[in-house]
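The values are calculated or read from the model by the stated rules, or taken from the named source; none is laboratory data. The structure displayed is predicted, hence computed values, not measured ones. Please note: Cβ atoms are built from the backbone with ideal geometry, for glycine as well, and neighbour counts cover all protein chains shown. Quick note on the areas: whole protein, heavy atoms, side chains included, nothing else; ligands and nucleic acids left out. Shrake-Rupley method; radii C 1.70, N 1.55, O 1.52, S 1.80 Å.
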Amino acid sequence: MMKMIIILTNKADVTSDFVVRELRNQRLEYYRLNTEDIPQKIDVIFSIEDDKFVLVDKIKNIQIDLSQISAVYFRRAQVAGLKYLDEISEQEREYLRGELAYLLEGIYKILENRCWLNNIYKIREAENKIYQLQMARELGFIIPTSLITNIPETVISMVNRYNKDCIIKPIKSGNVDIKTSSKIIFTSQIEKDFYEDKTRIADFPVYLQENIHKRYDLRCIVIGKQVYCAQIESQEYEDSKIDWRRGKSFLKHIKHELPNAIKEKCIEMTKKLGLKYSAIDLILDNTGKYIFLECNPNGQWAWLEIRLGFPISKEIVNLLSEGSR
């Protein structure tokens with residue numbers, strides 16, 4: 001059997017569609033594993049004694065031998081909801097979903113020594129914003145004054161230091177998944193009723209930063225040694241000034257040429273995090289300085305390929321193809 005590239009994602013992941021299209025353009029063998037199809041549409045045969053690890057796609061009527069996988073593109077793996085099992089309790093359903101989650105972990109381990117973009121375990125480690133800020137500072141990036149604490153007096157001291165011009169943000173991603181729906185917690189300006197509520201602060205650590213006034217936001221896509229940077233005109237509208245993702249208006253995007261020193265820092269950070277791909281968020285402040293905000297080790301990029309013509313899917317497939325060889 002010919003060596004092939006596997007995509008680990010879910011049916012709703014549009015970004016993987018771009019990679020699939022490029023794989024077809026380059027006539028490379030691939031298999032897209034929508035992980036939520038296990039076990040309803042995809043059977044597994046993992047025989048440890050025989051060192052046999054096979055997926056059986058019942059819809060396409062094919063078998064995927066994991067020993068023949070040469071490279072892995074990891075995007076958004078999901079566990080099946082198992083709603084078709086209607087004769088079990090919700091507690092039993094969650095137990096079975098936990099079993100499937102560990103089955104996926106087993107697949108990751110089986111494929112561990114292949115070329116990954118990006119390795120799931122490196123993604124998890126790199127997502128820690130505290131770790132990111134430490135590394136960015138060590139690499140010479142300018143970072144905002146940042147504080148994580150649940151001591152009210154420390155919060156008030158920082159807020160006063162910056163004339164009450166501070167922001168609050170999630171320590172993790174801000175994506176909140178609940179059973180009925182999903183929502184995003186955005187970066188927000190700190191309001192007076194927050195920092196005056198000492199009990200609320202003492203109950204749980206908060207992540208604060210100085211509010212750096214900026215010309216625009218920058219989304220930097222790093223793929224190996226290539227960097228593509230989009231300038232996002234976030235300051236045109238009031239609702240997008242703090243967090244551009246919050247804007248209801250269609251924000252203008254422009255190709256931005258980073259200084260070589262900043263570009264090299266982005267490449268070096270991605271490499272030090274053990275990644276081949278990252279989406280790094282910077283801002284250009286009103287004095288012309290580039291400021292590091294955070295790194296998204298599995299961040300979205302498809303909209304930039306559409307709007308600015310960046311050849312991101314091609315670069316990703318090239319790296320996977322090189323890894324296959």
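Using beta carbons and a limit of 8 Å, which pairs, at least six apart or on different chains, have the first residue in segment 6-35 and in contact (Cβ under 8 Å) with a residue 12 or more places away in the chain and the second one open to solvent by 70 Å² or more (accessible area, probe 1.4 Å) and part of a helix (DSSP H, G or I)?
Once the first residue is in contact (Cβ under 8 Å) with a residue 12 or more places away in the chain and sits in segment 6-35, its partners that are open to solvent by 70 Å² or more (accessible area, probe 1.4 Å) and part of a helix (DSSP H, G or I) give 22/314.
Got a sec? Which strands (runs of 3 or more DSSP E) wholly within segment 230-325 have at least 3 residues that are open to solvent by less than 30 Å² (accessible area, probe 1.4 Å) and of a type outside the set (Val, Ile, Thr)?
277-285
Of these, 53, 18, which one is aromatic (Phe, Trp, Tyr), modelled with pLDDT of 95 or more and closer than 25 Å to residue 303 by Cβ?
Criteria check complete, one pass: 18.
Of the residues 122, 129, which is at pLDDT below 95 and of a type outside the set (Asp, Glu)?
After applying the criteria, what remains is 129.
Might you let me know whether segment 242-253 holds any residue that is modelled with pLDDT of 95 or more and of a type in the set (S, T, N, Q)?
no
Looking only at segment 217-229, count how many residues are touching a residue at least 60 places away in the same chain (Cβ under 8 Å) and either open to solvent by 40 Å² or more (accessible area, probe 1.4 Å) or not in a loop (DSSP other than H, G, I, E, B) (or both).
Residues in segment 217-229 being touching a residue at least 60 places away in the same chain (Cβ under 8 Å) and either open to solvent by 40 Å² or more (accessible area, probe 1.4 Å) or not in a loop (DSSP other than H, G, I, E, B) (or both): 8 in total.
May I ask you to list the residues in segment 46-55 that are surrounded by fewer than 18 Cβ atoms within 10 Å (Cβ to Cβ) and within 27 Å of residue 316 (Cα to Cα)?
54
Given (1) at pLDDT 90 or above; (2) over 28 Å from residue 261 (Cβ atoms); (3) part of a strand (DSSP E or B), identify the lone condition not met by residue 176.
Unmet condition: (1).
Looking at this structure, is residue 250 of a type in the set (A, V, I, L, M, F, W, C), free of Cβ contacts under 8 Å to residues at least 24 places away in the same chain, out of contact with any Pro (no Cβ under 8 Å at 6 or more places or on another chain) and within 24 Å of residue 15 (Cα to Cα)?
For residue 250, the condition - of a type in the set (A, V, I, L, M, F, W, C), free of Cβ contacts under 8 Å to residues at least 24 places away in the same chain, out of contact with any Pro (no Cβ under 8 Å at 6 or more places or on another chain) and within 24 Å of residue 15 (Cα to Cα) - is met.
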